[in-house]
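Nothing in this text is a laboratory measurement; each read-out follows from the coordinates by a stated rule. Note that the structure is a prediction, hence the values are computed from the model and not measured. Positions of Cβ are backbone-derived with ideal geometry, glycine not excepted, and every protein chain shown enters the neighbour counts.
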Amino acid sequence: MPCRMSPYVEAGCGAYAVVAALDGLNKIETGRADRLRLWGSCYGGTMDDAYEWVMKNGITTSTDYPYNSTRICNIAKTMHHQVTTTGYVHVTPYNESALMNAIAIQPVSVAIQASGSSFQFYMGDSEELMGHILGPVRVWIYEDEQRHYQHSCRHK
């Protein structure tokens with residue numbers, strides 16, 4: 001089945017990756033599995049914009065700010081927030097060791113180059129979600145001693 005965007009993110013893939021990372025961190029820190037909601041019209045659209053928004057305003061849940069079709073930011077609904085963050089860092093590009101160290105500490109959001117032909121002409125089982133920002137949630141090493149990453153995309 002194709003991979004789909006989370007219904008709790010009304011924005012682009014930048015917000016999706018930020019929400020995935022903050023959802024994971026919230027679960028690690030509190031044990032709660034709140035369904036966080038970030039509206040793209042509230043913060044701008046890039047991954048850095050989303051983190052900056054959450055640092056200044058927090059992030060609310062889908063219960064407090066349910067989906068509506070207007071896609072207009074309702075600032076009043078964003079004020080009741082469940083999760084905040086004090087910062088974010090950029091991991092050194094093309095440095096797998098730095099990425100592994102970051103993932104060992106907490107969930108991360110990752111931007112990837114998706115303009116190459118391997119992405120443009122991808123014909124696998126998740127072709128509907130070929131973006132350029134992901135939130136990896138697992139890293140493991142098989143018997144072949146190669147690292148394998150699984151991103152936050154869920155199959156239905």
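A few notes on this one:
- Couplings 3J(HN,Hα) of segment 81-97, computed from phi: 9, 9, 10, 10, 9, 9, x, 8, 10, 8, 7, 4, x, 6, 10, 4, 4 Hz, in residue order, whole Hz [Karplus 6.51 cos²θ - 1.76 cosθ + 1.60, θ = phi - 60°; x for Gly and Pro].
- A cut-off of 5 Å between modelled amide H atoms, ignoring neighbours fewer than 5 places along the same chain, links THR61 with ARG37, GLN82.
- J(HN,Hα) series, segment 106-112, from Karplus relation 6.51 cos²θ - 1.76 cosθ + 1.60, nearest Hz, glycine and proline x: 6, x, 10, 10, 10, 9, 10
- In plain terms, the chain from ALA76 to SER115 could stretch by 10.2 nm, reckoned as 0.36 nm per residue minus the Cα-Cα distance.
- Counting beta carbons within 10 Å around each of ARG37, ARG32 and listing the fewest first gives the order ARG32, ARG37.
- Cβ-derived FRET efficiency at R0 22 Å, ASN95 paired with LYS27, nearest 0.05: 0.25
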